[in-house]
Amino acid sequence: MSSETKPEEKEEKVGVYICYCGGNISDHVDVEAVRDRVEKIPGVAVARTNMFMCSDPGQELIMEDLRDGIVDRVVVASCAPSLHEMTFRSAISRAGENPYIYEHANIREQVSWVHHGEQATDKATLLVSAATAKAVRLKPLEPIRVNAMSHATIIGGGIAGMRAAVDLADRGIEVALIEKSPFLGGQLALLDKLAPTREKASELVSHLASRVINHASIKVHSCTTVEHFEGYVGNFKVGIKKHPLESNAYKEKMKMLNPVHKSAEAFIPFAGVYSGPVPSAAEELVIDTGVIILATGIKSYTPYQGEYGYGEFPEVITLSDLIRNLAENNNGGSLLEINGRKIKSMAMIHCVGSRQIPGIHPEDASGHLNEYCSRTCCSALLNASNVIRETYPKTRVYEFYRDIRTYGRGQEELYEQASKNRVVFIRFESQEAPEVSKNGYSDEFPLLIKAKDILTFGEEVEVPVDLVVLATGVEPNEISKIVDMMKLPVGPDRFLLEVHPKLRPVELPVSGIFLAGTCQAPMDAGEACSGASGAAVKAAALLSRGYVELDPFVADVDIQKCNGTGACVEACLSDGALELVEMEIDGQKVQRAKVTPAFCLGCGACVAVCPENAIDVNGWTLKQYEAMVNAIVAE
Amino acid sequence: MTLIHHDFADQMDRFGGNTALECFNCGTCAAICPLIYEHFPRKMIRYLQLGAKDRILENAKELWRCLHCGLCSRTCPREADPGEVILGLKRYVVANWRKS
């Protein structure tokens, strides 16, 4: 880092590089005129233009000037910094210079896309002049380097959490896997034959859970919740609490445990894999960890009382109920039997609790509407229909749907197969949903479904049935406590929101926290594993060097000026970033402000309140701002 | 109101033309049919699919409009063989119309 006492009189040599953006800028801004004007600004050593400054030849222009010693500060006037600031900083690094001697002027989004003609050229000139004025005062900075613990904490012991845990542990990273229930396997453990391959969910869960439990580098914390969170990337502290069984809701499932299961990691149908003894008393622990992966998952939507007769008629059940019944009851006859009743005819209703439309569907008790598609129910329902038609050929199946969305590989074939299996499809409009009522025609079938069928040109059809199955969608698990603690972004659909769906699909804006599986969006088990493996790779890459580098745009105290008023500490928004410490200056014990850079957000709240101007944000100092404003109001 | 009879598709097996459940209601048959008459033969095939046998008997006359040119069967993307289904329905109607 350059010394604080660098002589002011030394001339900085600013290079200004102005981009045409292939016409995006130059159609409205006279780029050559801007170049001519800024070339005359004191401190500017050279001003150049290029059709695409971000192209290799464009970057080479900058790198050559740096290598030749013509310039030692760089201003690029182009698009928004979010797009190419990193591009040009890295070009500077490649030329062997400090990447923080760089300033970016946005003359596309802020000029050529919104202004035209002479005014556009004038504004572009002003913005470039301001950037140049700041560039003259830029100091080389060093990224903040903090040690990163080779340890990952994964929250959620479903398929995604387990997948991420195994992937990370295999890379030699210690893993703490936190699961709120006594079982591993999550929602997947509640399924049976998975669409589209009819692979057994129990086999997948058992396989992964056994690797998790037996892996020397994975510590499973079951019956555990996350209570506390602090720290920063590489050095998080996660406070967890282990709960004895009395205080949680898994008693029913625990009853299924027999002594055999208690010793081995066997799969218990519709519960999961028992991962070890339940704590006998509450216990609180703190885990020091380098990264966190959220795999908090989903739960099944519960229909409201009366939704398609749910809760009114015992013959109306959810898809989850059906799957469990299919797995547990195998009477071997030609008719499916559910709750002792032979099913001659049954209806499957799609999109229950998914793709809800404001004004048509009622909001739930907390005012939520699930406007998204749950993505897995169409395939799961068709899969169940096929299993039923193939196992119980005398049981008739009718599917009532709005749209069939068998989006994944091998899933459209389920629809083909259902047609071959003589499943009858009836299509309804969202505003004219089927009505489930008591069958008034005969006692043979207890229920009657009325629907206005689009496929029969809007004619009303009546289907007498023994059973109605609701394809309930999914909802994210309630994790508001974790969201608040970690300050995570949540989408309007209540799922966690990644930084960018394509460019940074498993990352959250809080550095060091990643997303895995269905806490991010509805997914099937395969997609959840893809996401989890992605998160594991990202986490491993971050931890691999043993340290992480953070941007150096953090507060910096001038000890000479600071007199310990503490105003900055009070104004600080980030816990732990600023504190008053005792130190000795000229033989006297005094209080002075001290910054912990890893916690600092670089927001500048401290700068605004310091009566002594003794604190500044590196890369955005008051002096630099003043110079920019002066450049804008000059003339 | 159309009441659905669950076993109708199976009853149709003995009359031939039991491929109606292959149909995914695209409408190609109705578009290609030279009769250009009220969604014929698509609607009839749909009634069969559903098991709406009352509708079929009510509208039985329509079946005899068919010229059996074979265009629908040739263009059907699902090989549901609409022409053969119409023939099967004719046989069914002949066997059942007095009963209704």
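Table for the structure above
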| read-out | value |
| --- | --- |
| Pick from region A:418-462, criterion touching a residue at least 60 places away in the same chain (Cβ under 8 Å) and open to solvent by less than 30 Å² (accessible area, probe 1.4 Å), ranking: farthest from the other protein chains (Cβ to nearest Cβ) | A:Ser430 |
| Every pair of residues 6+ apart whose Cβ atoms lie under 6 Å, when the first sits in region A:482-495 and is over 15 Å from A:Phe514 (Cβ atoms) while the second is open to solvent by less than 40 Å² (accessible area, probe 1.4 Å) and in a helix (DSSP H, G or I) | A:Val490/A:Val483 |
| Residues satisfying the stated conditions in region B:20-60, i.e. facing chain A (nearest Cβ under 10 Å), surrounded by fewer than 22 Cβ atoms within 10 Å (Cβ to Cβ) and hydroxyl-bearing (Ser, Thr, Tyr) | none |
| Test: residue in region A:137-155 that is under 30 Å from A:Arg37 (Cα atoms) and in contact with a helix residue (DSSP H, G or I) (Cβ under 9 Å, 6 or more places away or on another chain) | yes |
| Single match in B:Leu89, B:Leu63 (criterion: within 12 Å of the chain's Cα centre (by Cα), away from chain A (no Cβ under 14 Å) and under 30 Å from A:Lys344 (Cα atoms)) | B:Leu89 |
| Any hit, region A:465-476, residues being part of a loop (DSSP other than H, G, I, E, B), within 14 Å of chain B (Cβ to nearest Cβ) and surrounded by 15 or more Cβ atoms within 10 Å (Cβ to Cβ) | yes |
| Test result for B:Asp13, without any contact (Cβ under 8 Å) to a residue 60 or more places away in the chain, surrounded by fewer than 14 Cβ atoms within 10 Å (Cβ to Cβ), facing chain A (nearest Cβ under 9 Å) and not hydrophobic (A, V, I, L, M, F, W, C) | no |
| Matching entry among A:Arg409, A:Arg494, A:Arg504 (being assigned by TED's automatic domain parsing to the domain that holds A:Ala384 and of a type in the set (D, E, K, R)) | A:Arg409 |
| Test: residue in region A:532-543 that is at pLDDT 95 or above, within 27 Å of A:Thr406 (Cα to Cα) and surrounded by fewer than 23 Cβ atoms within 10 Å (Cβ to Cβ) | yes |
| Selection status of A:Val506, away from chain B (no Cβ under 14 Å) and open to solvent by less than 40 Å² (accessible area, probe 1.4 Å) | yes |
| Checking A:Gln520 against (1) within 22 Å of A:Pro489 (Cβ to Cβ); (2) out of contact with any strand residue (DSSP E or B) (no Cβ under 6 Å at 6 or more places or on another chain), the condition it does not meet | (2) |
| Residue match in region A:575-582 (condition: within 26 Å of A:Met86 (Cα to Cα) and part of a strand (DSSP E or B)) | no |
| Members of region A:56-106 found to be within 26 Å of A:Ala120 (Cα to Cα) and open to solvent by 40 Å² or more (accessible area, probe 1.4 Å), listed by number | A:Leu61, A:Pro81, A:Ser82, A:Leu83, A:His84, A:Glu85, A:Met86 |
| All positions within region A:27-46 that are assigned to a loop (DSSP other than H, G, I, E, B) and touching a Ser or Thr at 6+ places or on another chain (Cβ under 8 Å) | A:Asp27, A:His28, A:Val29, A:Asp30, A:Ile41, A:Gly43 |
| Complete set of residues in region A:389-405 that are assigned to a loop (DSSP other than H, G, I, E, B) and in contact (Cβ under 8 Å) with a residue 60 or more places away in the chain | A:Lys394, A:Thr395 |
| Residue match in region A:395-402 (condition: of a type in the set (A, V, I, L, M), touching a strand residue (DSSP E or B) at 6+ places or on another chain (Cβ under 8 Å) and modelled with pLDDT under 95) | no |
| Flag for A:Leu168 being open to solvent by less than 10 Å² (accessible area, probe 1.4 Å), over 24 Å from A:Ile268 (Cβ atoms) and touching a residue at least 60 places away in the same chain (Cβ under 8 Å) | yes |
| Where a residue in region A:575-588 is without any contact (Cβ under 8 Å) to a residue 24 or more places away in the chain and its partner, wherever it lies, is not in a strand (DSSP E or B), with Cβ under 7 Å and at least six apart | A:Glu579/A:Val569; A:Leu580/A:Gly564; A:Leu580/A:Gly566; A:Leu580/A:Val569 |
| Options A:Leu414, A:Leu381; residue that is in contact (Cβ under 8 Å) with a residue 60 or more places away in the chain and more than 14 Å from chain B (Cβ to nearest Cβ) | A:Leu381 |
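For every residue, the table says whether it meets (1) assigned to a helix (DSSP H, G or I); (2) closer than 28 Å to A:Glu328 by Cα; (3) not assigned by TED's automatic domain parsing to the domain that holds A:Ala516.
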site: A:Ala165; (1), (2), (3): yes, no, no
site: A:Ala169; (1), (2), (3): yes, no, no
site: A:Ala176; (1), (2), (3): no, no, no
site: A:Leu188; (1), (2), (3): yes, yes, no
site: A:Pro196; (1), (2), (3): no, yes, no
site: A:Val205; (1), (2), (3): yes, yes, no
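Yes/no matrix, rows are residues, columns are (1) under 30 Å from A:Glu109 (Cβ atoms); (2) at pLDDT 95 or above:
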| site | (1), (2) |
| --- | --- |
| A:Leu127 | yes, yes |
| A:Ala130 | yes, yes |
| A:Ile144 | yes, no |
| A:Ser150 | no, yes |
| A:Asp170 | no, yes |
| A:Ile173 | no, yes |
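The values are calculated or read from the model by the stated rules, or taken from the named source; none is laboratory data. These numbers come from a predicted model, not from an experiment. Reconstructed Cβ throughout: ideal geometry from the backbone, glycine too, with neighbour counts over all protein chains shown. Protein only, heavy atoms only, side chains kept; ligands, DNA and RNA dropped before computing areas. Shrake-Rupley method; radii C 1.70, N 1.55, O 1.52, S 1.80 Å.
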